[in-house]
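Just below is one structure, and these are the notes that go with it.
The values are calculated or read from the model by the stated rules, or taken from the named source; none is laboratory data. Being a predicted model, the structure only gives us computed values, none of them experimental. Methodologically, a virtual Cβ is constructed for each residue, glycine included, from the backbone with ideal geometry; neighbour enumeration extends over all protein chains shown. Accessible surface areas use protein heavy atoms only, side chains included; no ligands, DNA or RNA. Shrake-Rupley method; radii C 1.70, N 1.55, O 1.52, S 1.80 Å.
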Amino acid sequence: PPNSDSSPNRSTCICRAGYASGPDGGLCVLCAAGTYKDMARLGPCVVCPAGTFKNVPGPGSCAACGSGSYSFANATTCVPCPANSGATPGQSGYCNCLAGYTWSAGLCVPCQAGTYKASQGSEPCVACPSGSISAAPASEACSECLAGSYAAAGDSRCTECPPQATTEVDAPVSIADCICRAGYEGDGWTCSACPAGTYKGKVGPGACMECPANSFSVGAGAGIHDCICSAGFTGSL
């Protein structure tokens, strides 16, 4: 019959690629759009799988939907994904929210400031860890706070330590992680310059220490080398 060839052993006729036997073994008919048959053989046309489409009948294979579109099985066209979502080309019949977006009430909505989502998928947004922030909505990652500032988990901005205080711990979470700089003493909430004649050489909560005998400093002495010999004395500190 038309659109068929003899089998290898010439015992029967088989429909060509893109055609399948009609009802009751009748004439070979075109595979419908959304189906395919990639070689001459017995059997029906096969439905295009989800994530692919075929928009014309007859010979030809199913093509993968592009990024940002999807299809279900037996599709003749691909459908654009909703806003802020996408599909893996040729691998799925549905869309997932893009990185920085999460599913809510039937829509992909931006992650709130202070949260993030690193990859495409159905996962929820996650709060930024302590010591880091996301300042804008739809963030895909969090940024670490600079030295001298801190943030609790889920914060959208870093808060600076009080004047002359800084941080040294990983992931500083509150003002309690602020400590006074060298040359200043206090609890980190308040840091005062070392008085004249004293010094403090390390960052931390310690108090200023007096300069060695017969030496002095002129305020905010960061280290013992800021103490200088008094008039009439010489030496190295």
- Task: Search segment 26-83 for residues being in a loop (DSSP other than H, G, I, E, B) and of a type in the set (S, T, N, Q), and hand back the single one that is surrounded by the most Cβ atoms within 10 Å (Cβ to Cβ).
- Result: 71
- Task: Could you run through segment 132-155 and say how many residues are part of a strand (DSSP E or B) and surrounded by fewer than 17 Cβ atoms within 10 Å (Cβ to Cβ)?
- Result: 2
- Residue satisfying condition, being open to solvent by 40 Å² or more (accessible area, probe 1.4 Å), within 28 Å of the chain's Cα centre (by Cα) and within 30 Å of residue 67 (Cβ to Cβ), within set 124, 129: 124
- Message: Can you go through 130, 71, 119, 67 and tell me which one is within 30 Å of residue 15 (Cα to Cα) and out of contact with any helix residue (DSSP H, G or I) (no Cβ under 8 Å at 6 or more places or on another chain)?
- Response: 71
- Task: Specify which of the listed residues (7, 92) is surrounded by fewer than 18 Cβ atoms within 10 Å (Cβ to Cβ), out of contact with any His (no Cβ under 9 Å at 6 or more places or on another chain), farther than 24 Å from residue 124 by Cα and modelled with pLDDT under 90.
- Result: 7
- List, please: which pairs have Cβ atoms under 9 Å, are six or more places apart or on different chains, and start with a residue in segment 51-79 that is on the phi < 0 side of the Ramachandran plot and end with one that is surrounded by fewer than 18 Cβ atoms within 10 Å (Cβ to Cβ) and among the acidic types (Asp, Glu)? 59/38; 61/38
- A careful count of residues in segment 102-121 that are of a type outside the set (S, T, N, Q), under 16 Å from the mean Cα position of the chain (by Cα) and open to solvent by 50 Å² or more (accessible area, probe 1.4 Å) gives 4
- Item | Enumeration of residues in segment 215-232 that are open to solvent by 80 Å² or more (accessible area, probe 1.4 Å), in a loop (DSSP other than H, G, I, E, B) and modelled with pLDDT of 85 or more | 231
- Message: Please go through segment 183-214 and give me each residue that is under 30 Å from residue 152 (Cβ atoms), open to solvent by 30 Å² or more (accessible area, probe 1.4 Å) and not in a strand (DSSP E or B), ordered by number.
- Response: 187, 189, 190, 202, 203, 205, 206, 207
- Note on the structure: Going through segment 156-167 in order, the residues found to be open to solvent by 30 Å² or more (accessible area, probe 1.4 Å), assigned to a loop (DSSP other than H, G, I, E, B) and either closer than 14 Å to residue 113 by Cβ or touching a Phe, Trp or Tyr at 6+ places or on another chain (Cβ under 7 Å) (or both) are 156, 157, 158, 164
